[in-house]
Amino acid sequence: MVIKSDNFYEQINYAGKFDLTDDETSFKSISPGGYFKFRKNDIRIEAESNLRGEIDYTIFDGKNNLPMDEQGKVLVAQAIKEMIEWGYDANERMERVYRKGGPTALLNEVDSLKTDQVKALYLARLFSIDSLLPDFRPYIIKKIASMGSDQDKMSFLRKITAAQLKNPQTDSFYFDVIKGIGSDMDRMNALRNVIDQDSIANANTYKILFLTGGLASDIDKANVFQNMLDKGMIAGQYYDSLLVIISKMNSDVDKANLYRKLISRKDLNEDQWIILQDKISLLGSDPDKTNLLVELAPKMPQTIVLKANYQKVARTLNNDNDYGHAMRAIQ
């Protein structure tokens, strides 16, 4: 293994079978002919086993060759630690850590691991433990956020059940993981997975609205919002929040489709109808604006206030024919 950049170089080579000491700071044995070679910038460590299984060490601290004294042992221990963190003997070591310290010890190791592949092994092992206390699981989920791969994050999010998400900490960390997903497609799928779980969807409406508003694609936003509306998740204060987010979208087509969905609602109060009318007035396309007003006119309550506001919105139309069409719908 070689890792290098402008001011950094690390290399680990090894062959043979290793048996580490219990504290993982030295080699208890290396199979005959086996070796471990480590370099980190100017520091070099070599441990080679002869045919009788005797281990010879060569230790260079960047300036001097060192014997296997206290200072030399510290460098050897650091080299072995690096080897472990890059995934050496991962499956067997993971089980040793678990037998020795249980789930907590296993969880504490995750942050020190250097690759998502090795982190995934440890996290999968933790997810497989049926006897975990409910209050421990949120901390496992929190570790998922440290993974660089969206695919790995999604894989673990799918393991979390609706029942587990009823734990407030689990729920909070779950959405933190979604927030850290870079791919809009994966983030959208993770949000829709929550929406589809009736027992937790409504409790997370605001979080879903907020995270959906951060998606780059208006089409993806519209798809999630359509899904939320179909599930009856938008009501009260969430209606106002949704309209604010929709109004900031760039696509008039997606805005119009969502406004059309809201027009079909039967639970809007007078204030909400006024907000919807005002948002429609901000559309750039007069044909879209006209069509929406014509659809809205017979469905809104026919109050003096709403009719007056409707007429105000209709006057924002630039074309006399469109204005006439909209006004005939209200009469």
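The values are calculated or read from the model by the stated rules, or taken from the named source; none is laboratory data. Note that the structure is predicted; figures quoted are calculated from it, not measured. Positions of Cβ are backbone-derived with ideal geometry, glycine not excepted, and every protein chain shown enters the neighbour counts. Please note that ligands, DNA and RNA were not included when accessible areas were found on the heavy atoms of the full protein model with its side chains. Shrake-Rupley method; radii C 1.70, N 1.55, O 1.52, S 1.80 Å.
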> Restricting the stretch 186-220 to residues that are open to solvent by less than 20 Å² (accessible area, probe 1.4 Å) and hydroxyl-bearing (Ser, Thr, Tyr), which is modelled with the lowest pLDDT?
Replying inline: Thr205
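For every residue, the table says whether it meets (1) among the hydrophobic types (A, V, I, L, M, F, W, C); (2) free of Cβ contacts under 8 Å to residues at least 24 places away in the same chain.
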position	(1), (2)
Leu211	yes, no
Ser217	no, no
Lys221	no, no
Gln226	no, no
Asp230	no, yes
Ile234	yes, no
Tyr259	no, no
Asn269	no, yes
> How many residues, within the stretch 168-188, are farther than 17 Å from Tyr206 by Cα and of a type in the set (S, T, N, Q)?
Replying inline: 1
> Taking into account only those residues within the stretch 252-284 that are open to solvent by 30 Å² or more (accessible area, probe 1.4 Å) and among the small types (Gly, Ala, Ser), which is nearest to Pro301 (Cα to Cα)?
Replying inline: Ser264
> If you check Asp176 against the conditions, is it open to solvent by 60 Å² or more (accessible area, probe 1.4 Å) and either modelled with pLDDT of 90 or more or assigned to a helix (DSSP H, G or I) (or both)?
Replying inline: yes
> With Ala145, Ala163 as the choices, which residue is open to solvent by 20 Å² or more (accessible area, probe 1.4 Å), more than 30 Å from Lys37 (Cα to Cα) and under 19 Å from the mean Cα position of the chain (by Cα)?
Replying inline: Ala145
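Tell me the residue from Ser112, Ser128, Ser183 that is under 11 Å from the mean Cα position of the chain (by Cα), among the hydroxyl-bearing types (Ser, Thr, Tyr) and surrounded by fewer than 15 Cβ atoms within 10 Å (Cβ to Cβ), please.
One residue alone meets the criteria, Ser183.
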>> I'm told Gly236 meets every condition in (1) open to solvent by less than 60 Å² (accessible area, probe 1.4 Å); (2) at negative phi except one. Can you identify the failing condition by its number?
In response: (2)
> Across the stretch 1-41, what is the total count of residues that are assigned to a strand (DSSP E or B) and in contact (Cβ under 8 Å) with a residue 24 or more places away in the chain?
Replying inline: 17
> Which numbered condition trips up Lys100, out of (1) touching a helix residue (DSSP H, G or I) at 6+ places or on another chain (Cβ under 8 Å); (2) not in a loop (DSSP other than H, G, I, E, B)?
Replying inline: (1)
